[in-house]
Amino acid sequence: ATVVNIATNIALLIVTLGEPYMPSLTHKVLQQLNLHKLPKLHESFHLELKGGHRIGKPEVLFRKIEDTELE
């Protein structure tokens, strides 16, 4: 449970940092994490999602690009 909690918080941190570059991805992740807004960035890593936080339904964030689409 601890590993999942920390990994989820790291994912939230990565999405927070990437929000200016991929806002639609950020929106999808916030929905899946059952959050309404991004947390504030701190000088050090904080666990924003506490133990027992209920996440939403997980969904695929990126679709596979087929070889035929590359051509």
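Values as computed for the structure displayed
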item: Between helix 23-32 and the chain: long-axis angle, C-alpha atoms, 0 to 90°, nearest 10; result: 60
item: Cα-projected label distance for residue 2 with residue 21, points at 7 Å along beta-carbon direction, nm; result: 3.2
item: Backbone HN-Hα couplings from phi across the stretch 65-71 [Karplus 6.51/-1.76/1.60, Hz, Gly and Pro as x]; result: 8, 6, 4, 5, 6, 5, 7
item: For the chain, built as a Gaussian network whose Cα springs stay under 10 Å, the top-fluctuating residue of 60, 15, 29; result: 60
item: For the stretch 3-18, 3J(HN,Hα) per residue [Karplus equation, 6.51 cos²θ - 1.76 cosθ + 1.60, θ = phi - 60°, Hz, x = Gly/Pro]; result: 5, 5, 4, 5, 4, 5, 5, 5, 4, 5, 5, 4, 5, 4, 5, x
item: Cβ-Cβ FRET estimate between residue 50 and residue 28, R0 fixed at 22 Å, reported to 0.05; result: 0.50
item: Whole-Hz couplings from phi, Karplus 6.51/-1.76/1.60, listed for the stretch 37-46; x for Gly and Pro; result: 8, 6, x, 6, 7, 10, 5, 10, 5, 10
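Rule-based calculations on the coordinates, nothing more; no lab input. For clarity, every value in this text was computed on a predicted model and none was experimentally measured. Here Cβ is always computed from backbone atoms with ideal geometry, including for glycine, and neighbour counts include all displayed protein chains.
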